[in-house]
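Undergrad: I am attaching a structure below and will ask some questions about it afterwards.
Bear in mind that the values in this text are calculations on the coordinates, not laboratory data. Note that this is a predicted model, so its numbers are computed, not measured. So basically every Cβ, Gly included, is an ideal-geometry build from the backbone, and we count neighbours across all protein chains shown.
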Amino acid sequence: MAPIEIQTRIKEIIQRSHNVKSFRLEVEGGILDFKAGQFLSVSLGADAKLKRYLSISSSPTEKCYLEFTKKLSESDFSKKLNSLRAGDKVTISYPFGKFVLDEAVKKIAFLSGGIGITPIRSICKYIVDKNLGIDVVLVYSNRSVRDIVFKEDLAAMEEKYPNLRVAHVLCETEPGFKCSVGLIDKRVVKNEVPDYRERKFYLCGPPQMVEAMHKILTAELQLSEGNIVRENFQGY
């Protein structure tokens, strides 16, 4: 599908963690022509510095809005975005990207870190809402519990869809919160995804992390490139 450009308004803003917000955009007529996992461009003005490529964090099954989620930093774009309120206008172009679900594959695993969860949230929500029967393991790395984006959302999907399991990996633990300690490495993958040879892997996160996870899968666990899908844009 060819990308389209539209001007729309912010419908709702949701605080996802201490430094991450979701921005839900109005969609005229509820028409959402994209695939779960794709991304869009967001422009906040004529200045090229106020444009970013960001993953769509909503699913095509969520018909009343289009959502993107951003970790807020000290960049000019983040400062401008953080100043916006419901009713303000933004210009978007979408959809872009090939980080999409292969529905013919019945066992998949996601390896993700930080804000890289955004397209994965979209894909998981699509799988759950469509009740596709795909077996999903999500291994999600963060510094601490307070950094987990979509924590309650992911827990709700786990509760609703028995074939989804979320395994958290944290550097800083918290009493009573179930997780692995450290970073995603060969040990974590083998422990959390013991049937890893039977699964297709989707990798998304900061570029250096994606490269490290790719090396674990190919060099250390001897998986083929055909079983790995990566998101390789600087949308973080």
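Undergrad: Shape call for segment 7-53 from the C-alpha gyration tensor, a ≥ b ≥ c root eigenvalues: rounded (a/c under 1.5), prolate (a/b greater than b/c) or oblate?
TA: Numbers: a/c = 1.43, a/b = 1.09, b/c = 1.32.
Rounded, since a/c falls under 1.5.
Undergrad: Where both residues lie in segment 4-96, what percent of DSSP beta bridges are antiparallel, nearest 5?
TA: About 100 percent, rounded to the nearest 5.
Undergrad: Taking the highest mean first, how do the peptides 148-154, 209-215 order by number of other beta carbon atoms within 10 angstrom per residue? The partial results should precede the final answer.
TA: On the way: 148-154: 19.6, 209-215: 17.7.
The packing order, highest mean first, is 148-154, 209-215.
Undergrad: Order these by the 10 Å Cβ neighbour count, fewest first: Arg16, Arg9, Arg121.
TA: Details: Arg16 22, Arg9 12, Arg121 28.
Lowest to highest Cβ neighbour count: Arg9, Arg16, Arg121.
Undergrad: Determine the calculated [θ] at 222 nm for the chain from helices alone, applying -39500 (n - 2.57) to every DSSP H run no shorter than 4 residues and normalising by the residue count; nearest 500 deg cm²/dmol.
TA: Details: 5 runs with 48 residues, N = 236.
For the chain, the value works out to -6000 deg cm²/dmol.
Undergrad: Here's something else I'd like to know. Do the alpha carbons of any pairs in Lys130/Lys178; Lys21/Lys190; Lys49/Lys80; Lys51/Lys80; Lys98/Lys186 sit beyond 22 Å of each other, and which pairs? Mind showing how you got there, number by number?
TA: Numbers: Lys130/Lys178 28 Å; Lys21/Lys190 33 Å; Lys49/Lys80 11 Å; Lys51/Lys80 11 Å; Lys98/Lys186 26 Å.
Too far apart for the 22 Å limit: Lys130/Lys178; Lys21/Lys190; Lys98/Lys186.
Undergrad: Follow-up question, since we're still on this one. Does segment 96-236 come out rounded, prolate or oblate by the C-alpha gyration tensor, with a ≥ b ≥ c the root eigenvalues, rounded set by a/c under 1.5 and, if not, prolate when a/b is larger than b/c and oblate if not?
TA: Working: a/c = 1.29, a/b = 1.05, b/c = 1.22.
Rounded shape, in that the Cα axes give a/c under 1.5.
Undergrad: Taking the highest mean first, how do the peptides 69-82, 106-119 order by number of other beta carbon atoms within 10 angstrom per residue?
TA: Values: 69-82: 15.9, 106-119: 24.1.
Final packing ranking: 106-119, 69-82.
Undergrad: Would you mind pulling out the separation of the Cα centroids of segment 104-166 and segment 179-236, in Å?
TA: For segment 104-166 versus segment 179-236, the Cα centre distance is 15 Å.
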